[in-house]
Amino acid sequence: MNGFPGAQRIPYEGPDSKNPLAFRWYDADEVVAGRTMREHLRFSTVYWHTFRATGADPFGAPTLQRPWDDGSDSVENARERVHVAFEFMARLGTPFYAFHDRDVAPEGASLRQTNRNLDAVVEALEAEQERTGIRLLWGTANLFSHPRYVHGAATSCNADAFAFAAAQVKKCMEVTRELGGQNYVFWGGREGYQTLLNTDMKRELDHQGRFLHLAADHADRIGFTGTLLLEPKPKEPTKHQYDSDAAACINFLRAYGLTDRFKLNIETNHATLAGHEMAHELEYAAHQGLLGSIDANTGDLLLGWDTDQFPTSFYLTAQVMLILLNYGGIAPGGINFDAKVRRESFEPIDLFHAHIGGMDAFARGLKIAAAIRADGDLRSFVQERYASWDSGIGARIESGQADFASLEAYLLEKGEIAPNASGRQEMLEHLFNRYL
Ligand code: XLS
Ligand code: NI
Ligand code: NI
């Protein structure tokens, strides 16, 4: 059962290596800014894109060659796939993985049978975790593929769909706990709408709030102590997803009293679809104390959908890692490659090329970010830019000692504001490039 001929354990060979099946930057044991790369980056392979994608698109048939997979929906095939998946991850060296319940095990004729199928595959996952030391970053329930969720899950107009989703999350959270999962993710696949003409938005959002409370209650009941994560995405599959971006998610969590239980899982391509840079979404979640984990991929700026490509831009990864370093790291979250190979990259070995490129891009980004922080030039510029708030009128405003009347009096006396300084954007962009 060697699904990956030609690929052994991927070695680190250093920046000068020309071997495409070697890391040039990712050296798991290398210490950067006080921690090993392994600890900083906490890479995770996703089960769905990597082991379940077929390459089918709305215009064409599957293309991806997966010789170990017999294409059937049997539990036996699902268990066989587990061995190949762990073999892949062990050779690649991602210390974590993530799955949806329905990626790992097939849906059966009844909920009872489906749960039994899941248990049978979880047994295999557990054994492989034990054998390889690879751990579960997060589990999640697929509440969007089955036709029963056509109108949504927690936000469906059909109360039975809510109940089914609850049963599914209950089970998936239990197996996530059993497998030692460090987080549990909620991406609201079909929680949104296509038209307001048939939608009671207030009622749907109340139901989503209720659903997440019930999920948190169940986590407490079973002693699941991992972080619960909500994943923002603005559109696709619905025209308007309720969890549209970090700010909308945080507002939702606050409105429904969920901020002490939930954090966010921020995905690069979802940020792009929301019209934001990844750095914006990370910075927004992080300063609110709600950054939990990252789905690392990248979109195509010329296409308006979630292309889920592997990240390769050092500029992007350096920005991401700078924010993570500034906020003390991503653990117990991780850098989860929610990314897939192109339909045209159909050989198994392409899975290695894709992940090696992504891991190296993040390793290089980490080094760039660490160098930027060590020099401190960027930080001093920003500190200096806000110096007017450190003393005088600025300090009085920040500490709550000023009101409109005293501010008016201040300006009547002073006449005009202190001269503004240049923002120096171009100089800073050039400075950033110094480290690339
Ligand atoms: C889809 C989402 C999904 C979540 C897990 O766009 O990124 O893959 O991460 O349900
Ligand atoms: Ni995702
Ligand atoms: Ni996505």
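The values are calculated or read from the model by the stated rules, or taken from the named source; none is laboratory data. Just so it is clear, the model here is predicted, and its values are computed rather than measured. Using ideal geometry, Cβ is built from the backbone for each residue, glycine included, and neighbour counts are taken over all protein chains shown.
This table checks each residue for (1) farther than 20 Å from Asp57 by Cβ; (2) within 16 Å of ligand 2 (Cβ to nearest atom); (3) without any contact (Cβ under 8 Å) to a residue 40 or more places away in the chain; (4) in contact with a helix residue (DSSP H, G or I) (Cβ under 8 Å, 6 or more places away or on another chain).
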{"position": "His280", "(1), (2), (3), (4)": "yes, no, yes, yes"}
{"position": "Leu290", "(1), (2), (3), (4)": "yes, no, no, yes"}
{"position": "Leu302", "(1), (2), (3), (4)": "no, no, yes, no"}
{"position": "Val320", "(1), (2), (3), (4)": "yes, yes, no, yes"}
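Listed by first and then second residue, the pairs with beta-carbon distance under 9 Å, at least 6 apart or on different chains, first residue in region 138-159 and closer than 19 Å to Ala219 by Cα, second in a strand (DSSP E or B) and polar (S, T, N, Q), are Trp138/Ser44; Trp138/Asn183; Trp138/Thr227; Trp138/Asn265; Trp138/Ser293; Trp138/Asn336; Gly139/Asn183. Tell me, yes or no, whether region 244-256 has at least one residue that is under 21 Å from Ala285 (Cα atoms), away from ligand 1 (no atom under 16 Å from the Cβ), not in a helix (DSSP H, G or I) and not charged (D, E, K, R). Yes.
Given the options Ala318, Ala279, name the one that is away from ligand 3 (no atom under 16 Å from the Cβ) and surrounded by fewer than 20 Cβ atoms within 10 Å (Cβ to Cβ).
Ala279
Restricting attention to region 324-357, the residues that are closer than 21 Å to Ala98 by Cβ and in contact (Cβ under 8 Å) with a residue 40 or more places away in the chain add up to 22.
Quick one: in region 262-278, which of the residues that are within 15 Å of ligand 2 (Cβ to nearest atom) and closer than 19 Å to Gly226 by Cα is farthest from the chain's Cα centre (by Cα)?
First, the residues of region 262-278 that are within 15 Å of ligand 2 (Cβ to nearest atom): 263-274, 278.
Subset that is closer than 19 Å to Gly226 by Cα: 263-266.
Values: Lys263: 11, Leu264: 8, Asn265: 5, Ile266: 5 Å.
Across region 262-278, the extreme among qualifying residues is Lys263.
Put simply, of Thr259, Thr227 the only residue that is farther than 30 Å from Arg342 by Cα, polar (S, T, N, Q) and within 16 Å of ligand 2 (Cβ to nearest atom) is Thr227.
Note on region 150-207: residues that are more than 25 Å from Glu123 (Cβ to Cβ), buried (at least 17 other Cβ atoms within 10 Å of the Cβ) and aliphatic (A, V, I, L, M) total 4. Annotation note: of Ile397, Ile393, Ile417, the sole residue that is assigned to a loop (DSSP other than H, G, I, E, B) and among the β-branched types (Val, Ile, Thr) is Ile417. Among the residues of region 368-390, those identified as farther than 25 Å from Tyr315 by Cβ and in a helix (DSSP H, G or I) are Ala387, Ser388, Trp389. Among the candidates Phe51, Phe88, the residue that is part of a helix (DSSP H, G or I), within 16 Å of ligand 1 (Cβ to nearest atom) and in contact (Cβ under 8 Å) with a residue 40 or more places away in the chain is uniquely Phe51. Considering only residues in region 298-315 that are in a loop (DSSP other than H, G, I, E, B) and closer than 23 Å to Ile372 by Cα, the one that is nearest to ligand 3 (Cβ to nearest atom) turns out to be Pro311.
Is there any pair linking a residue in region 421-434 that is over 14 Å from Asp375 (Cβ atoms) to one that is of a type in the set (Phe, Trp, Tyr) and at pLDDT 95 or above, with Cβ under 8 Å and at least six apart or on different chains, and which? Qualifying pairs under 8 Å: Arg424/Phe381. Ser293: hydroxyl-bearing (Ser, Thr, Tyr) and buried (at least 19 other Cβ atoms within 10 Å of the Cβ), yes or no? Taking the combined requirement at face value, the residue satisfies it. Quick check: is even one residue across region 351-365 in contact with a Gly (Cβ under 6 Å, 6 or more places away or on another chain), surrounded by 14 or more Cβ atoms within 10 Å (Cβ to Cβ) and over 25 Å from Gly423 (Cβ atoms)? The answer is no, given that none of the residues of region 351-365 is in contact with a Gly (Cβ under 6 Å, 6 or more places away or on another chain), surrounded by 14 or more Cβ atoms within 10 Å (Cβ to Cβ) and over 25 Å from Gly423 (Cβ atoms).
Does Gly292 qualify as being assigned to a loop (DSSP other than H, G, I, E, B), within 14 Å of ligand 1 (Cβ to nearest atom), in contact with a Lys or Arg (Cβ under 8 Å, 6 or more places away or on another chain) and modelled with pLDDT of 95 or more?
On the way: assigned to a loop (DSSP other than H, G, I, E, B): no; within 14 Å of ligand 1 (Cβ to nearest atom): yes; in contact with a Lys or Arg (Cβ under 8 Å, 6 or more places away or on another chain): yes; modelled with pLDDT of 95 or more: yes.
So Gly292 does not fit the description; no.
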